[in-house]
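Reviewing the structure listed below.
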Amino acid sequence: MRHMILGRQLSRDTEHRKAMRRNLAQREFEHGQVRTTLPKAQEVNGCAEKLITLARRKDLTARRRVIALLQDRRLVDEEQEFTGQTVVQKLFADIAPQFAERNGGYTRIIKLSDFRIGDGGNLVLLQLATEASPPKGTARRSAGLRRKRNEKRHQFAREVMKKSKPEPEQLAGEQKAPAE
């Protein structure tokens, strides 16, 4: 029995799972958003929220705890040149002040319409919930698509039945022919 065990295993051992969670959180803080699968995003979501909550405190203890959890790395630009800033510095200087008045809900998960090519995994966009990047798109209307799909099926079935069923005039002609 597995009672009171939190988190997902994600088919990885403990060290790999921690490293994956740490790397996805760093990429989210670095770029503002990460494209990944739904279970990974749900797992990283809680980790990123805790790190942002710690960074909002802005004291030395919080910074040390974030560094211990995140294992800080340097940021680079498009040309792979060092920008002079680390992920933790960006988290404390840029990201945490944006969420100073917010009591949680720092990240959002947006489901994408495409799937991963290899295994068909659901892809999502995990992004920071800043006002500068509101969610885009409209709500899905699957009920209307289902209705249209069912109407097409019924229409096709009617056409097939008409083709396979002989018309009444042909039936009358066939019945008279053997009688003559």
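The values are calculated or read from the model by the stated rules, or taken from the named source; none is laboratory data. Since the structure is predicted, the reported quantities are computational estimates derived from the model, not experimental observations. Note: ideal-geometry Cβ built from the backbone for every residue, glycine included; neighbour counts use all protein chains shown. To get the accessible areas, we keep the full protein, side chains included, count just its heavy atoms, and leave off ligands, DNA and RNA. Shrake-Rupley method; radii C 1.70, N 1.55, O 1.52, S 1.80 Å.
Just checking, how many residues over the range 56-93 are open to solvent by less than 20 Å² (accessible area, probe 1.4 Å) and under 27 Å from K111 (Cα atoms)? So the answer is 3. The condition of being charged (D, E, K, R) and at pLDDT 90 or above holds for only one of R64, R2, that being R64.
Are any residues in the range 146-180 open to solvent by less than 100 Å² (accessible area, probe 1.4 Å), modelled with pLDDT of 65 or more and not polar (S, T, N, Q), and if so, which ones? Selection gives A157, E159, V160, P166. Residues of the range 115-145 that are open to solvent by 60 Å² or more (accessible area, probe 1.4 Å) and at pLDDT 80 or above: F115, R116, I117, G118, D119, N122.
Residues that are closer than 20 Å to F115 by Cβ, out of contact with any Lys or Arg (no Cβ under 6 Å at 6 or more places or on another chain) and either among the acidic types (D, E) or open to solvent by less than 40 Å² (accessible area, probe 1.4 Å) (or both) within the range 30-44 comprise T36, T37, L38, A41, listed in sequence order.
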